[in-house]
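This report refers to the structure that appears directly beneath it.
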Amino acid sequence: MKPEAHRAWRHRLLAILLGAGLCAPGLAAPPKAPDYLFDDAHFHLTNYVQKGTDIHRYLEIMGDKVGRSTLFGIPLQQTWAYGNSGDFAPTYYLQSDAPLYYYSFTDAYIAKVYQALPKAQQARLDPMITGFNPADMYGVDHIRRVLELFPGVFSGIGEFTIHKEFVSSKVAGETASLTNPALDRILDFAGEVGLVAIIHCDIDMPFAKAGTEPVYLKQMRDLLRRHPQTTIIWAHLGLGRIVRPVQGQATTEGAERSGAYQEIVAGMLEDPTLSHVDFDISWDEVAKYAVASPESIQRVVKIFNAHPDRFLFGTDNVAPAEQATQLRIYEMWNPVWAQLTPDASRKIRLGNYERLFDAARMKVRAWEKANVKPL
Ligand SMILES: [Zn+2]
């Protein structure tokens with residue numbers, strides 16, 4: 001048999017064997033990845049008293065439904081003050097008047113449980129640094145120290161909080177603010193390293209009157225514009241339990257745009273000075289606002305289809321025990337998912353996460369290679 005005929009035969013045989021998976025394992029086609037429903041851009045493994053889901057259990061909970069997930073704790077510890085609640089051990093900030101304080105060890109915990117996983121499981125997670133005080137000019141040094149101690153682990157910073165209903169006023173020490181240069185140092189460094197930054201900051205104060213400009217909007221926009229090099233995700237679109245998308249809200253920018261909350265968001269999406277800013281739609285409170293009425297669903301569908309690259313789905317769940325808890329948040333959005341273009345749906349559920357966090361991984365590893373000396 002002529003050599004070329006022999007080669008053709010060999011190739012045909014190999015293709016048949018490969019197809020049947022009968023060849024040496026090394027050659028077998030990689031198993032097809034499940035059709036994941038979503039990536040979770042906003043997930044807390046541990047709660048306000050640093051207790052949470054076992055990391056191996058979390059991978060089981062992700063299973064074949066959640067492809068990738070951010071991994072962070074909560075950088076604030078709820079004090080159990082005996083004088084305040086006696087034998088009752090609070091686990092949430094609404095369960096005690098005792099203060100919250102920054103708990104930096106959360107980053108070592110997240111790094112260690114991540115490092116305990118096999119590579120294939122590590123590849124599905126994006127650990128985030130949260131254990132710094134955004135009102136401390138030394139806060140940025142904590143982030144650098146964590147990267148130096150745990151190279152090869154983290155993809156970003158946050159969720160960290162500036163203004164948050166019921167929480168900010170309970171934090172011991174100076175209250176964080178959007179005008180504090182300590183925060184600019186942190187976002188500058190995040191931009192230099194390539195870390196994605198997830199910021200929790202309510203857009204307004206609770207019970208704001210309709211027709212008034214959201215109190216934190218201008219400061220937040222100014223902060224975002226001061227850091228065009230940093231990939232920033234505004235968590236929960238700035239909304240909260242009490243801080244709701246008020247209709248008929250005025251803005252100082254573009255008087256002609258005075259009006260509804262979603263017009264404020266639309267204005268930010270169309271603003272070239274804010275193109276480095278995306279929004280996560282995590283938390284069941286946000287889902288409630290989105291699907292509250294046929295009109296709200298229409299508004300959300302319109303803005304998601306118009307700006308499919310700028311929103312990331314997330315649960316904002318804390319230390320879940322089972323997969324159903326994750327899927328519940330996803331299913332709350334069903335009236336919206338049903339009306340999105342296939343492109344917008346895929347990007348908001350999966351694509352935007354992978355684009356932002358894959359880029360961050362590359363940049364942060366490169367920064368570590370250039371800046372982290374072996375211990
Ligand atoms: Zn959160």
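So here's what we get for this one:
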| item | result |
| --- | --- |
| Selection within region 323-375 - more than 14 Å from VAL196 (Cβ to Cβ), in contact (Cβ under 8 Å) with a residue 12 or more places away in the chain and among the acidic types (Asp, Glu) | ASP343, GLU368 |
| Check on LEU149, in the same structural domain as ILE199 (by TED's automatic domain parsing) and open to solvent by less than 10 Å² (accessible area, probe 1.4 Å) | no |
| Which numbered condition VAL146 misses (of (1) over 21 Å from the mean Cα position of the chain (by Cα); (2) closer than 24 Å to ILE55 by Cα) | (1) |
| Scope region 163-192; condition hydrophobic (A, V, I, L, M, F, W, C) and buried (at least 22 other Cβ atoms within 10 Å of the Cβ); matching residues | LEU183, ILE186, LEU187, ALA190 |
| Condition met for VAL300 (within 20 Å of the chain's Cα centre (by Cα) and among the hydrophobic types (A, V, I, L, M, F, W, C)) | yes |
| Residues that are surrounded by fewer than 16 Cβ atoms within 10 Å (Cβ to Cβ) and of a type in the set (A, V, I, L, M, F, W, C), drawn from region 346-371 | ALA359, MET362, ALA366, ALA370 |
| Top-ranked residue in region 270-322 [being among the polar types (S, T, N, Q) and closer than 20 Å to ILE199 by Cα; ranked as surrounded by the fewest Cβ atoms within 10 Å (Cβ to Cβ)] | THR273 |
| For LEU239: the one exception among (1) over 25 Å from ALA360 (Cβ atoms); (2) at pLDDT below 95 | (1) |
| Yes/no for ASP343 being surrounded by 19 or more Cβ atoms within 10 Å (Cβ to Cβ) and at pLDDT 95 or above | no |
| Output for region 73-91, where each listed residue is part of a loop (DSSP other than H, G, I, E, B), within 16 Å of the ligand (Cβ to nearest atom) and free of Cβ contacts under 8 Å to residues at least 60 places away in the same chain | GLY73, THR91 |
| Conditions (1) more than 16 Å from the ligand (Cβ to nearest atom); (2) at pLDDT 95 or above; (3) open to solvent by 50 Å² or more (accessible area, probe 1.4 Å); (4) not polar (S, T, N, Q); number of the one not met by TYR103 | (1) |
| Residue match in region 209-217 (condition: at pLDDT 95 or above and open to solvent by less than 20 Å² (accessible area, probe 1.4 Å)) | yes |
| Filter result for the condition that a residue is among the polar types (S, T, N, Q), within 11 Å of the ligand (Cβ to nearest atom) and in the same structural domain as PRO134 (by TED's automatic domain parsing), over THR70, THR53 | THR70 |
| Helices (runs of 4 or more DSSP H) contained entirely in region 106-178, each with at least 2 residues that are within 16 Å of the ligand (Cβ to nearest atom), under 24 Å from LEU356 (Cβ atoms) and in contact (Cβ under 8 Å) with a residue 60 or more places away in the chain | 106-115 |
| Any hit, region 199-210, residues being charged (D, E, K, R) and away from the ligand (no atom under 16 Å from the Cβ) | yes |
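The values are calculated or read from the model by the stated rules, or taken from the named source; none is laboratory data. None of the values given here were measured: they were computed from a predicted structure. Because the Cβ atoms are built from the backbone with ideal geometry, glycine has one as well, and the counts that use them run over all protein chains shown. What goes into the accessible areas is simple: the full protein's heavy atoms, side chains included, and nothing from ligands, DNA or RNA. Shrake-Rupley method; radii C 1.70, N 1.55, O 1.52, S 1.80 Å.
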